[in-house]
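Read through the structure below, which is laid out as structure tokens, and then see the notes.
The values are calculated or read from the model by the stated rules, or taken from the named source; none is laboratory data. Since the model is a prediction, treat every value here as computed from it, not as a measurement. Cβ coordinates were reconstructed from backbone atoms using ideal geometry, including for glycine residues, and neighbour counts include every protein chain displayed.
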Amino acid sequence: MTETLIGTLKEFPDGDYRIIDIDGFEVGVFRRGTTFYAYENRCPHYGGPVCQGKILHRVEERLGDDQSSRGLRFAPEEHIICPWHGVEFDLKTGRHAGHSHYRLRAIPARVQADEVYLDLPG
Amino acid sequence: MPNASGGNGTKRTPRKMRDLPKIDRASDTRDVLAHAAKDAERLKDYFIIDIDAHVTELAFWDEITGLIDSDVYRHVAAEMRSRSAAIPALMNLQTGIAYQGMSGRIPHDDGPREPVTEKDVHPQVVMTRRAMDSMGIDYMVVFPTPMLQLGVHPQPEVEIELSHAYNRWMTEKILPQDTRMKGLVYLPFIDPEECEKAVKEFGNKPGVIGFTVCSTRYKPIHHNSYMRLYSMIQESGKPLAFHAGYHWGDPAMLQINRFIGMHALSFVQFNMLHVTNWVLNGMPERFPKLKTVWVESGLAWVAFLMQRLDSEYVMRSSEAPLLKRLPSDYIREMYFTTQPLETGNMKLTEAIFDAVNAETQVLYSSDWPHWDFNPPNSIADLPFLSEQKKRNILGLNSAKLFNIEIPKQKLAKKPEPVIR
């Protein structure tokens, strides 16, 4: 792994995300407060540009005490959604909601002295 | 779990760094499919024919409805267009179609909004070229999108008028502009005589390589009124493709409350219905040289139907007296398109490919630009296929079936597929 400087903190607005091609390696960088999440920009489904898609909250179905449906709502968790086919991954874990084999390749990220670093392969 | 770094590796500053765009409805097809373009590099010596892609005809609805033959319906369409852009004139849009883009999750299926500045060719040609070039596709056969559901339109004359206008639009404005785009004549199946007229009028136009029935409908395809049509098509030597679709208004589908369930079943329902009628009524015996293609339901249903019909036919052959072989023997000689390919259980997928004789009978299709499209690596990455089978499915089978010339540079090393 190679620790790579990708910019300063202010270049990554809180609550937003950037997708960066770094010497040919594409990575999505998501900032939430002071925490950064980064994933390779390649969907395990068909190789789509997963990090270039939308962020939406996870959809949940609420149930009553008798197990009857009480409708659909957005849950607090955010999902990264591949724009090719809509495959969704939890922003904080990179995991698919219902397919244990599907997960995004996480790229270690950290902030040091207002600089953002990624541990990129190679 | 935040990504943590120990920071023990080598530190460096990138030599080259650039931001990639977020993808939305206005994104250029080439940006959306940039990853497919990278994958296409390793397939560049493959000959690839996409046998089922789509135009977005509603984006050009003014042009198409302007070609309606009837002055009355041309007037009706113009009036409807002037009153509401949101409801396409004369169309019977189904509930499901607005769900295709999954509420913004899949922008490329929410209608084209990408900029097209090229003035030398039609914008549809520009967008199709972008898709072909990005995915490394040599030829793309295009079908309509919402017009696939005209078979359940309450007004038969509207299917007749719109299909004629569409056939004119395709053969006059689209296909002549790029020989890499191919089309099939839309047959207004509601009226056999009108179908025959369409065969005569459009069947030999440049770029037309066959005929299609948009098979989301409730017309028995073995009805006697279609025999002259099938005879004409058989005589033409061009294939007849049945393109399935969904119909959420179908009484059975009305029980399903989620698009995913309706979509998963409804396409397959129509293909199963029509193949069943086609086989049990002995159509392959009546028209032995008529080649049929069954489009857009994946492949799993085919293996199911083969076994199901064989099991019942063995006991009830008196109800299908024209058959001289098992139903599966006839089905194995039909052609099927790949998308949306089922790969959740790869052993099962392999068995299905074997059952349907994929080496010669299966044709790659992308379904671009729809939400469940399959890029060419959906076939190229299948672990159980030999190199030759991949090449057959990706293009050589279709080249043989549709009589499409294979460029010399892509002929090297590839023996001809065996086609019955």
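Among A:Gly122, A:Gly98, A:Gly24, A:Gly64, which is more than 28 Å from B:Asn377 (Cβ to Cβ) and surrounded by fewer than 13 Cβ atoms within 10 Å (Cβ to Cβ)?
On the way: A:Gly122 fails: more than 28 Å from B:Asn377 (Cβ to Cβ); A:Gly98 fails: more than 28 Å from B:Asn377 (Cβ to Cβ); A:Gly24 fails: more than 28 Å from B:Asn377 (Cβ to Cβ).
From the options A:Gly122, A:Gly98, A:Gly24, A:Gly64, the qualifying one is A:Gly64.
Please verify whether B:Thr360 is farther than 30 Å from B:Ile106 by Cα and crowded, with 18+ Cβ neighbours inside 10 Å, treating the condition exactly as stated. Reasoning before the result, please.
Details: farther than 30 Å from B:Ile106 by Cα: yes; crowded, with 18+ Cβ neighbours inside 10 Å: yes.
It is true that B:Thr360 is farther than 30 Å from B:Ile106 by Cα and crowded, with 18+ Cβ neighbours inside 10 Å.
Pull up the stretch A:38-51, narrow it to residues that are out of contact with any Leu (no Cβ under 6 Å at 6 or more places or on another chain) and at the interface with chain B (Cβ under 9 Å from one of its Cβ atoms), then point me to the one that is surrounded by the most Cβ atoms within 10 Å (Cβ to Cβ).
Residues of the stretch A:38-51 that are out of contact with any Leu (no Cβ under 6 Å at 6 or more places or on another chain), as a first pass: A:40-51.
Still in the list and also at the interface with chain B (Cβ under 9 Å from one of its Cβ atoms): A:41-43, A:46-49, A:51.
Working: A:Asn41: 26, A:Arg42: 21, A:Cys43: 24, A:Tyr46: 20, A:Gly47: 17, A:Gly48: 26, A:Pro49: 25, A:Cys51: 30.
Per the stated criteria, the residue is A:Cys51.
Identify, please: which residue in the stretch B:199-238 is aliphatic (A, V, I, L, M) and under 20 Å from the mean Cα position of the chain (by Cα) and is, among those, farthest from B:Val275 (Cα to Cα)? Walk me through how you get there before you give the answer.
So the first thing to find is which residues in the stretch B:199-238 are aliphatic (A, V, I, L, M), and the list is B:199, B:208-209, B:213, B:221, B:227, B:229, B:232-233.
Narrowing the set further to residues that are under 20 Å from the mean Cα position of the chain (by Cα) leaves B:199, B:208-209, B:213, B:221, B:233.
Numbers: B:Val199: 22, B:Val208: 24, B:Ile209: 22, B:Val213: 13, B:Ile221: 9, B:Ile233: 18 Å.
The extreme case among them is B:Val208.
In this structure, is A:Phe74 over 30 Å from B:Met135 (Cα atoms), crowded, with 17+ Cβ neighbours inside 10 Å and modelled with pLDDT of 95 or more? If you could, list the steps in order and put the result at the bottom.
Numbers: over 30 Å from B:Met135 (Cα atoms): yes; crowded, with 17+ Cβ neighbours inside 10 Å: no; modelled with pLDDT of 95 or more: yes.
Answer is no for this residue.
Among what's in the stretch A:17-36 and is part of a loop (DSSP other than H, G, I, E, B) and either more than 17 Å from A:Asp119 (Cα to Cα) or not small (Gly, Ala, Ser) (or both), pick the residue that is nearest to the other protein chains (Cβ to nearest Cβ). Lay out the reasoning, then the answer.
Step one: list which residues in the stretch A:17-36 are part of a loop (DSSP other than H, G, I, E, B), which gives A:23-24, A:33-34.
Then drop every residue that is not either more than 17 Å from A:Asp119 (Cα to Cα) or not small (Gly, Ala, Ser) (or both), which leaves A:23, A:33-34.
On the way: A:Asp23: 5, A:Gly33: 10, A:Thr34: 9 Å.
Across the stretch A:17-36, the extreme among qualifying residues is A:Asp23.
Quick one: which strands (runs of 3 or more DSSP E) sit completely within the stretch A:37-122 and have at least 1 residues that are within 23 Å of B:Ala36 (Cα to Cα) and of a type in the set (Val, Ile, Thr)?
Per the criteria, A:55-63, A:69-81.
What's the total number of residues in the stretch B:110-160 that are in contact with a His (Cβ under 7 Å, 6 or more places away or on another chain), under 16 Å from B:Thr65 (Cβ atoms) and not in a loop (DSSP other than H, G, I, E, B)?
1
At least 1 residues that are modelled with pLDDT under 95 and over 23 Å from B:Ala98 (Cα atoms) in each: list the strands (runs of 3 or more DSSP E) lying fully within the stretch B:2-63 that qualify. Working first, answer last.
On the way: elements: B:10-12, B:17-20, B:49-54.
The strands (runs of 3 or more DSSP E) meeting that bar are B:10-12.
So that you can scan it fast, the table gives a plain yes or no per residue for (1) crowded, with 17+ Cβ neighbours inside 10 Å; (2) more than 20 Å from B:Ala26 (Cβ to Cβ); (3) without any contact (Cβ under 8 Å) to a residue 60 or more places away in the chain:
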| residue | (1), (2), (3) |
| --- | --- |
| B:Ala89 | yes, yes, yes |
| B:Asp109 | yes, no, no |
| B:Pro112 | yes, no, no |
| B:Thr117 | no, no, yes |
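Search the stretch B:361-373 for residues that are modelled with pLDDT under 95 and pair each with any residue that is of a type in the set (A, V, I, L, M, F, W, C) when their beta-carbon atoms are under 9 Å apart and the residues are at least 6 apart or on different chains.
The qualifying pairs do not exist here.
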